[in-house]
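Notes for the one structure printed next.
The values are calculated or read from the model by the stated rules, or taken from the named source; none is laboratory data. Worth saying up front: this structure is predicted, and the values here are computed from it rather than measured. All Cβ positions, even for glycine, are placed from backbone atoms using ideal geometry, and neighbour counts span all protein chains on display.
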């Protein structure tokens, strides 16, 4: 989550990560609704100050894989746990409609499309 925050700020690895801490707000068990097993919501504390204008979500895709998403809250906008900011898609959905951007070996593209 620290990395997602630094990327959202556009600062890369230059921020003092040791000054960041996360507090768990809520956990949703989503195993019956989707491929995502669980979503955990966090708040951020930086140098002892609670930053209320940032939202953090940790999605457990399966026991070995997770995705951390950081979003900046603007105005009175509050995160809604029922509206997910991340959707898991299949490999076929990802490559659907892709077109090679340059000339290549004609055997490469079908091979790439069949990688699942």
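In the set (1) under 12 Å from the mean Cα position of the chain (by Cα); (2) at pLDDT 80 or above, residue 39 fails one condition alone, (2).
Every condition in (1) under 17 Å from the mean Cα position of the chain (by Cα); (2) surrounded by 10 or more Cβ atoms within 10 Å (Cβ to Cβ); (3) in a loop (DSSP other than H, G, I, E, B); (4) at pLDDT 75 or above is met by residue 85 except one, and the failing one is (4).
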